[in-house]
Amino acid sequence: MTSATLSRNKAGFNLFKFTVRKNIGIIILATVFMLLICPGYVFIEMSNYQAGSSFFSNPYNMKNSIIGISTVITVVVSIIAVFSCFVNFSFLYSKKSVDVYHALPITRTSLLFSRFFAAVVPLFIPIILCYGSLIGLSFFDNVVADIKSILTAFAFSAAIMLMSAAFTMIFIVCAGSVFDLIISFVGINLGAFLSVLIVFSLCDKYLIGFYGSNESFWIWHSSPFIYGVAAQYSVLYKQIGYNSLRILQTEPIVSLLMILAIAVVSVVCSVLLYNRRKSEKSGDSYAYKFIYYICSILVGFVAAYGLGMIFSVGSYGVVFWIFAVLGAVLGTVTLGGISDKGFKTVKKSLLFGAVSAILLAATVVSLKLDITGFSKRIPETDSIKEATVNLMGDEFKVNPKKAVELHKFFVEEAGKDAEYYGQYAIINYELEGSKNLNRIYHYDENDVPDILLEIYKSDERWEELKEKLSELNYFTVDFYGKNFDDREAAGVTLSKEQAQLLIDTYISDVKEKATEDILSYDDSLSHMYIEGRDGDGNDYEYFKFTIEQSFESTLNLVEQFLSNGGQSTVLKD
Amino acid sequence: MISCKNLTKTFGNKKALDNVSFDIADGSIYGLVGSNGSGKSTFLRLASGVYMPDGGEITVDGESVFNNPQIKGRVAFLGDTPYFFAQSSINEMASFYSSMYESFDYDIYKRLIETFPLDYKAKISSMSKGMQRQAALILAMSTAPKYLLLDEAFDGLDVVMRKVLKAILIDGAEKRGMTTVIASHNLRELEDLCDHVGLIHNGNVLFNDEIENLRGKLHKVQAAFEQVPEITVFDGLNVLKTEQTGSILQMVIRGDESEIMDYINKLSPLFAECIEPTLEEMFVFELEVTGYDVSNIIKE
């Protein structure tokens, strides 16, 4: 290392130390504020539990509440980190201060790192104190805790805070004034999120087979901030054993690395942009116009859809498009007016408005024409690891060949009637390479396809169900419908053997007597809901069964259970 | 040496500096003169590494300044409006600069705080504009720069402080070989301070020379004649400007003083004298020759 490098590093470190000293106020406030959340709020919550004033009289279950606590910690510390970056780089927006900072004998890269680390590194103190206090509280009597979950939550909170600050740096470097920084930061992040929702709303409307569960993936990935919180949430749910509540299925270490990768990429982008940033842009709206262009198009896109929907009352006709164009232009011209503090660049704003409206129209056209072949995509049978079908909320495994057969039927026949929203069937494929493919199709309840009934009655469907039931011990059954001796609803608790008897009887009825009515909303249908729990009572499964009037054996058995006193009486074998 | 070659800086559609080339010699006190918006401050910001050139290059000691900490460590730039960290005192700012500039010299700082009567522990934000400028000068000088770049250095300073500042700059040049570049729109401020001067207008350097050279070249001659001779009589001299008031002729002539006076005395004037023109007059003469409308360029 040359003496010059040593000197540069020293100047950078000195600037870091100086900035940290200047940030002492923010650090103390952040620490106090976060300690009020944890352990402050957690301590009060624990006291309530132990005093028996809460709904649960169990010991305080920190294992479950760690998700809520850590999410609040992450969100709060990330907001503080973003604010801290705003404050530490506010010198970029004044010609006076930028003269001083950019004349200092330090490279731009060192300057950025010194200020960035001075903004975020001290925030590890409140994070460590918060999670350290949680670890301390977990040793209290009557507290059920999981140190691994706390440490995992700590790692995620710290990484997400770092990522939030790093991602914000891109906006900071690109903006020319504090006002435009806030506009672009909020505009792009919120705009991206809303645009994803809009696109999925359009997919839902125009893309045959589009299934809403596809939305969540993109929604959670629409912004690094949202992704970070969703990842933490999912990882912690996985750790405490509630897999079904996970938003993202990514492995914890992959999520963590992803968050850190976003942080690194954001910092690298910020450094590259900062090194080419023109000092004279301080005080202008933007140092890099591209950020304004992106913001403008997103605002125009959201405004177009919003105004179109408001004035067309939810329909996509001519009125929608007239107001969509108006909305796009109003959105971009207003943003341009705010950024320019006037309407000098109104022509450019109009152009962005037109681009936004065209983008919206292009989205609709491409969805209607299915240019990606989304609606017609049917996987090869060989590539399917597992296939499930969900019929009106009743999900079960099916033979991949049958699933493909059903899929082809919908694509070739029912798909043509995409406007019809009646009964639905969701086909879900788990493909080779950990890929998934989901499609939803609607069918006419007065003309239920034969293949659906065939799948409904198939052996695979019932074998899987019986297998699941065999792992459970305690059963609660609720009945709804007119079949139950004119009672609208009734409930009973069953033993394992009784539940198995009931299911066997029901399956026998389905195979012998079920008609296409079972896949419709026929008023004559009754429903049976079985909730089964395992030995610990922690894990449970929930099943729904539709009962036709012709299912005499099932109905007789149910009547027999109910006549013995419902929930309070359990039949002896 | 500060050297720029084909230096260009553009703000939007406006060229603040347009293909400018000139050098500033080490140890000189260089006055950069021009009206508001002429490109003076832009040049200083380029020389201090604040701005990135859009074309050409500017070097200090042979190296590019932009993003070059080694070179920037030798340069102190004081903009037209000083900036200090919020709530900071002069002592705190000195502590900051000492941590950033290896060359920061506390001996110079101590000498300067004895010279300038300021409260060094008080918040700078509570000080007057003139005091803030003094504080900024003290801090800039304390970094013991090889190159000191001052933008409108005398703004807000009273007469006494202006003299003190001039003395400090001259002292810096003499004792440490410090090069000072002062951008100003006021020529008179620079007259008794600078040894080099450049005139910048609309992004172009119109003029760049040593003041001594200028003084040696240009002369203002007043002569009275019984009968004023024809102007053509003076064709043997390099007359830049002639004004006649009755029997008195006022001429601005380029050339050697003794040769000029010999030439005029041969015409038997009743009275003839050679007066040294002011810096402003020299600029006016030089620029009028090149066809510039001086009234638009040099304004007080």
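Laboratory data are not the source of any read-out in this text; all were calculated from the coordinates shown. Since we're looking at a predicted model, the values are computed, not measured. Ideal geometry is used to build each Cβ from the backbone, glycine not excepted, and the neighbour counts take in all protein chains shown.
Cysteine residues of chain A whose C-beta has no other cysteine C-beta under 4.7 angstrom: A:CYS85, A:CYS174, A:CYS203, A:CYS269, A:CYS295. The dipole here belongs to the range A:381-454: it is taken about the Cα centre, uses +1 on the Cβ of Lys and Arg and -1 on the Cβ of Asp and Glu, and is about 380 debye. Computed over the alpha carbons of the range A:3-281, Rg followed by Dmax gives 21.3, 67 Å. Structural descriptor for the range A:292-369: relative contact order 35 percent, calculated from alpha carbon pairs under 8 angstrom and at least 6 residues apart. Using the Cβ-Cβ distance between A:ASP459 and A:GLU405 with R0 set to 22 Å, the FRET efficiency from 1/(1 + (r/R0)^6) comes to roughly 0.85.
Highest GNM mean-square fluctuation among B:TYR83, B:TYR97, B:TYR263, for chain B modelled with Cα contacts below 10 Å: B:TYR263. Counting Cβ atoms of other protein chains within 10 Å of each Cβ in A:277-290 and taking the mean gives 2.
I need the semi-axes of the equivalent ellipsoid of the range B:214-297: take the C-alpha gyration tensor, multiply each eigenvalue by 5, square-root it, list largest first in whole angstrom. Walk me through the numbers before you get to the answer.
Numbers: eigenvalues 101, 38, 25 Å².
Taking √(5λ) for each eigenvalue gives 22, 14, 11 Å, largest first.
Amide H contacts for B:VAL181 (H built 1.01 Å from N in the peptide plane; partners 5 or more residues away or on another chain; cut-off under 5 Å): B:TYR30, B:LEU148, B:LEU149, B:LEU150.
Over every pair of different alpha-carbon atoms in the range B:87-209, take the mean of 1/r and invert it; report that Kirkwood radius in Å. Before the final figure, lay out each step's value.
Details: mean 1/r = 0.0649 Å⁻¹.
Roughly 15.4 Å, rounded to one decimal.
Report the FRET efficiency, 1/(1 + (r/R0)^6), for B:LYS241 and B:MET1, where r is their Cβ-Cβ distance and R0 is 30 Å, rounded to 0.05.
Details: r = 34 Å, r/R0 = 1.15.
Rounded to the nearest 0.05, the efficiency is 0.30.
DSSP assigns beta bridges within chain A; of those with both partners inside it, close to 95 percent run antiparallel. Each label was represented as a point 7 Å from its Cα along the Cα-to-Cβ direction; for A:SER47 and A:ILE147 these points are 2.8 nm apart.
How far, in nm, would the chain grow between A:TYR529 and A:GLU512 when pulled straight, counting 0.36 nm per residue and subtracting the alpha carbon separation? Don't skip to the answer; put the middle values down first.
Working: separation 17, 0.36 × 17 = 6.12 nm, distance 2.11 nm.
Stretched out fully, the A:TYR529 to A:GLU512 stretch lengthens by 4.0 nm.
Considering helices alone, the calculated mean residue ellipticity of chain B at 222 nm is -9500 deg cm²/dmol, with DSSP H runs of length four and up weighted by -39500 (n - 2.57) and normalised per residue.
What is the count of Lys pairs in the range B:72-231 whose alpha carbons sit under 16 Å apart, if the two are 8 or more places apart or on different chains? Please list the in-between numbers first.
Working: B:LYS72/B:LYS146; B:LYS110/B:LYS121; B:LYS146/B:LYS175; B:LYS166/B:LYS175.
Here the count comes out as 4.
The charge dipole of chain A, taken about its Cα centre with unit charges on the Cβ of Lys, Arg, Asp and Glu (plus for the first two, minus for the last two), comes to roughly 5340 debye.
Hydrodynamic estimate: the Kirkwood radius of the range A:211-368 over Cα pairs, inserted into Stokes-Einstein at 4 °C and 1.567 mPa s, corresponds to D of 70 µm²/s. Straight-line reach from A:LYS368: taking Cα to Cα under 17 Å and skipping same-chain neighbours fewer than 8 places apart, the lysines in range are A:LYS205, A:LYS376, A:LYS416.
Taking amide H as placed 1.01 Å from N in the peptide plane, the amide H of A:GLU445 sits under 5 Å from that of A:GLN423, each at least 5 places away or on another chain. With coordinates expressed along the principal axes, the C-alpha atoms belonging to the range A:160-283 extend over 52, 37, 20 Å, beginning with the largest.
Taking the C-alpha atoms only, the angle from helix B:159-176 to the longest principal axis of chain B is near 80 degrees. Most fluctuating residue of B:GLY246, B:GLY55, B:GLY203 in a GNM of chain B with Cα springs under 10 Å: which is it? Maximum fluctuation in the GNM of chain B, among the listed residues, is at B:GLY246.
List the equivalent ellipsoid semi-axes of the protein assembly as shown in whole Å, largest first, each obtained as the square root of 5λ for an eigenvalue λ of the Cα gyration tensor. Walk me through the numbers before you get to the answer.
On the way: eigenvalues 1364, 223, 73 Å².
Semi-axis lengths for the protein assembly as shown are 83, 33, 19 Å.
Once backbone amide H atoms are built at 1.01 Å from N, B:PHE207 has B:LEU199 as its partners under 5 Å, excluding neighbours fewer than 5 places away on the same chain.
Within straight-line reach of B:LYS5, meaning a Cα separation under 20 Å, sit the following aspartates and glutamates at least 8 residues removed in sequence or on another chain: B:ASP18, B:ASP23, B:ASP26, B:ASP54, B:GLU57, B:ASP61, B:GLU63, B:ASP209, B:GLU210. Just to be sure I understand: with springs between alpha-carbon atoms less than 10 Å apart, which residue in B:ILE71, B:ILE108, B:ILE29 has the highest mean-square fluctuation in the Gaussian network model of chain B? Evaluated over chain B, the most mobile residue of the options is B:ILE108.
Treating each Cα of chain B as one equal point scatterer and applying the Debye formula with no solvent, the log10 of I(q)/I(0) at q = 0.08, 0.11, 0.13, 0.16 Å⁻¹ comes out as -0.43, -0.73, -0.92, -1.23. Between helix B:90-100 and chain B there is an angle of about 90 degrees, using the helix long axis and the longest principal axis of the Cα atoms.
Note on B:96-104: average number of Cβ atoms from other chains within 10 Å of each residue's Cβ is 4.
Each of the GluC sites (Glu not before Pro) that DSSP puts in a loop and that has at most 14 other Cβ atoms within 10 Å breaks chain A; the longest unbroken stretch is A:1-379. P(r) tail for the range A:11-127: Cα pairs beyond 17 Å make up 63% of the total. Note on the range A:59-159: the alpha carbon radius of gyration divided by the globular reference 2.2 N^0.38 Å gives 1.47.
Shielding of peptide B:62-73 by partners, expressed as the average count of other chain Cβ atoms within 10 Å per residue Cβ, is 4.
Other residues with beta-carbon under 15 Å from the beta-carbon of A:TYR131 carry, at +1 per Lys or Arg and -1 per Asp or Glu, a net charge of +1. Mean projected area of the Cα convex hull of the range A:381-454, taken over all directions, amounts to 4.8 nm². Across chain A, the mean sequence separation of Cα contacts (distance under 8 Å, 6 or more residues apart), normalised by length, yields a relative contact order of 10 percent.
Among residues other than A:LYS281 with Cβ under 15 Å from its Cβ, the summed charge is +4 (Lys and Arg +1, Asp and Glu -1).
Scanning chain A for helices, which whole DSSP H stretches are 24 Å or more long along the axis (Cα) and average -0.5 or more by Kyte-Doolittle?
The answer, listed by residue number, is A:3-22, A:62-88, A:147-174, A:178-206, A:252-276, A:289-312, A:318-340, A:346-369.
Across all directions of projection, what mean area in square nanometres is found for the Cα convex hull of the range A:292-369? Walk me through the intermediate numbers first.
Details: hull surface 19.1 nm².
Average of the hull's projected areas for the range A:292-369 equals 4.8 nm².
Helix B:106-115 and the long axis of chain B differ in direction by around 60°, with both axes built from C-alpha atoms.
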